[in-house]
Structures are given as structure tokens and as C-alpha cells.
Amino acid sequence: MTLLEWVAVIVAALALFIVAALGGLFLRRSVLQREGGFDMCLRVDGNGWGGGWVFGVGRYSGDDLEWFRTFSYGSRPKRSLRRPDVTVLERRSPDPEETYDLPAGHLVFTCEAGHRRLDLSMTEAASMAFVAWLEAGPPGQHLVA
């Protein structure tokens, strides 16, 4: 084989690898959403991610809200919030600076989970499901503003 043929083989292999990697991410996201997942962005203050919004997929599993990063191949949730530990401090529209970081139509919930403060961003429909999930727990656990 000539050098040109080797380069063509390497470029084709790299292209195939990239297509397979992107296909794997798409397949994982499709499976999560088929299992009741919804688009949800998360921001945890001082978590090492620079305090920015991180895109992901949320999924309810009993008393847990599991959150999976969008651009990850992991099968386990990156974060899991237990219903008894979650308290909603504020519900609001995104700040003007946040509108560039978040998908259109998302609402922001400022919550406290355990001893951590975090922001969740989701669509209006997903936010109604979130509030219903919180209120479905035993009485007296959390207040929703």
C-alpha cells in the first residue's frame, strides 16, 4: 500500500469512530428519554464545573430524581436527588445572562438538597411534573415557593 492509501484508511477509520461515538451518545439519550427522561440543566455552586450550566437528562426513579449528563457514556446518574432532601427556595425565569446558556422556554428552580444549593432548569411542563413529584411525598417535608 502506498502512503496515500494508508492516509485514506486512517481518515476513514477516524470518521467511522466519530460517527460511532456520536451515535452512541444519541442512542443513550434516546433510551433515557424513552424511560421517562426529560431535558434538565443543572448548576451546582462551587462544584468544580466553574459554576456553569450543564446539560443533561432528568429521570424520576421512586423517591429519587436522577440526572445524567448529556455528553457522557455513563450508565449511572451523575447526580441523584432524594425527594425528602429537596427544598425549593425559588422558582423564576432565567436571568438575562442565563438566557444565552439555557434552552428557550426553561424555568429555573433554586433548590437546596441536603447541604448543597443548586439550580435546576427545565421546561414548563417538566417543572409542573417536578413540583407534583415533590408534593407527592409525605406531608411536611418541603415547601414549594
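A few notes on this one:
- Computed over the range 6-89: relative contact order in percent, which uses C-alpha pairs under 8 Å that are six or more apart: 20 percent
- Per residue accessible area of the chain, 1.4 Å probe, in Å²: 61 Å²
- Normalised by 2.2 N^0.38 Å, where N counts its residues, the alpha-carbon radius of gyration of the range 47-102 equals 1.29.
- Kirkwood-type radius of the range 1-81, with distances r between different C-alpha atoms, in Å: 14.9 Å
- Surface composition of the chain: carbon plus sulfur atoms contribute 61% of the solvent-accessible area (1.4 Å probe, protein chains only, all chains present).
- Over the C-alpha trace of the chain, radius of gyration and Dmax come out as 19.3, 74 angstrom.
- Surface listing: Arg34, Arg91 arranged by accessible area from highest to lowest gives Arg34, Arg91, probe 1.4 Å.
- Coupling constants for the range 118-127 follow from the phi torsions by the Karplus curve (6.51 cos²θ - 1.76 cosθ + 1.60, θ = phi - 60°), and in residue order they are 8, 10, 10, 10, 7, 5, 4, 5, 5, 5 Hz; glycine and proline get x.
- Leu89 long-range amide H proximity, modeled H, under 5 Å: Thr110, Cys111, Glu112
- When the residues Phe130, Phe55, Phe26 are ordered by accessible surface, computed with a 1.4 Å probe over the protein chains alone, the sequence from largest down reads Phe26, Phe55, Phe130.
- Whole-number D in µm² s⁻¹ for the range 59-145, Kirkwood Cα-pair radius fed into Stokes-Einstein, 10 °C, 1.306 mPa s: 115 µm²/s
The values are calculated or read from the model by the stated rules, or taken from the named source; none is laboratory data. These numbers come from a predicted model, not from an experiment. Heavy atoms of the whole protein, side chains included, go into the accessibility calculation; ligands, DNA and RNA do not. Shrake-Rupley method; radii C 1.70, N 1.55, O 1.52, S 1.80 Å.
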